[in-house]
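The values are calculated or read from the model by the stated rules, or taken from the named source; none is laboratory data. The model shown is predicted, which means the values in this text are computed figures rather than measured ones. Every residue, glycine among them, receives a Cβ derived from its backbone with ideal geometry; neighbour counts consider all protein chains shown. These accessible areas exclude ligands, DNA and RNA; they are computed on the full protein's heavy atoms, side chains included. Shrake-Rupley method; radii C 1.70, N 1.55, O 1.52, S 1.80 Å.
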Amino acid sequence: NKTDINYFVKLAEPGDFYEFTVDVKNGGTIPAKISSTPTLAGLSDAQKVYTNYTVTYKDGSTVSANDSLAAGTSKTLRVKVEYNKDITSAQLPSAAEDVNLTFAMNFIQG
């Protein structure tokens, strides 16, 4: 099934970030795999210039299509959105912006 996580973030200045972990569990009896690259949505094109939005496994490795999840096991993911520290003053927004983000993964039988 598809798994979506929706959340709200407000970052005030460069270097601010919001991060959380989530456990993805295969509660079934059949191996599963990610059918496509995870979807990260909610940033406007302007926000993408000064925001880093990533999802990795807890150890920092990349989450990719076809990654497997054995029956009865789980993996911990780290979701992070960060106000880029290395931007110019021209790229900064005039005020803190509210960001409503979505992270989605779709699992199929593996």
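Descriptive notes on the structure:
- Scanning region 92-103 for residues that are out of contact with any Leu (no Cβ under 8 Å at 6 or more places or on another chain) and aliphatic (A, V, I, L, M) yields L92, A95.
- Every test in (1) hydrophobic (A, V, I, L, M, F, W, C); (2) surrounded by 14 or more Cβ atoms within 10 Å (Cβ to Cβ); (3) in a loop (DSSP other than H, G, I, E, B) is passed by F103 save one, and that test is (3).
- Scanning region 59-86 for residues that are loosely packed, with under 14 Cβ neighbours inside 10 Å, of a type outside the set (D, E) and in a loop (DSSP other than H, G, I, E, B) yields G60, S61, S64, A65, N66, A70, A71, G72, T73, K85.
This table checks each residue for (1) among the aliphatic types (A, V, I, L, M); (2) in contact (Cβ under 8 Å) with a residue 60 or more places away in the chain.
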residue	(1), (2)
K10	no, yes
A32	yes, yes
L40	yes, yes
T54	no, no
A70	yes, no
E97	no, yes
N106	no, yes
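- Of the strands (runs of 3 or more DSSP E) lying entirely inside region 5-48, those containing at least 1 residues that are open to solvent by 80 Å² or more (accessible area, probe 1.4 Å) span 17-25.
- Meets criteria (over 13 Å from the mean Cα position of the chain (by Cα), of a type outside the set (D, E, K, R) and at pLDDT 90 or above) for G72: yes
- Failed condition for L92, given (1) in contact with a helix residue (DSSP H, G or I) (Cβ under 7 Å, 6 or more places away or on another chain); (2) open to solvent by less than 60 Å² (accessible area, probe 1.4 Å): (2)
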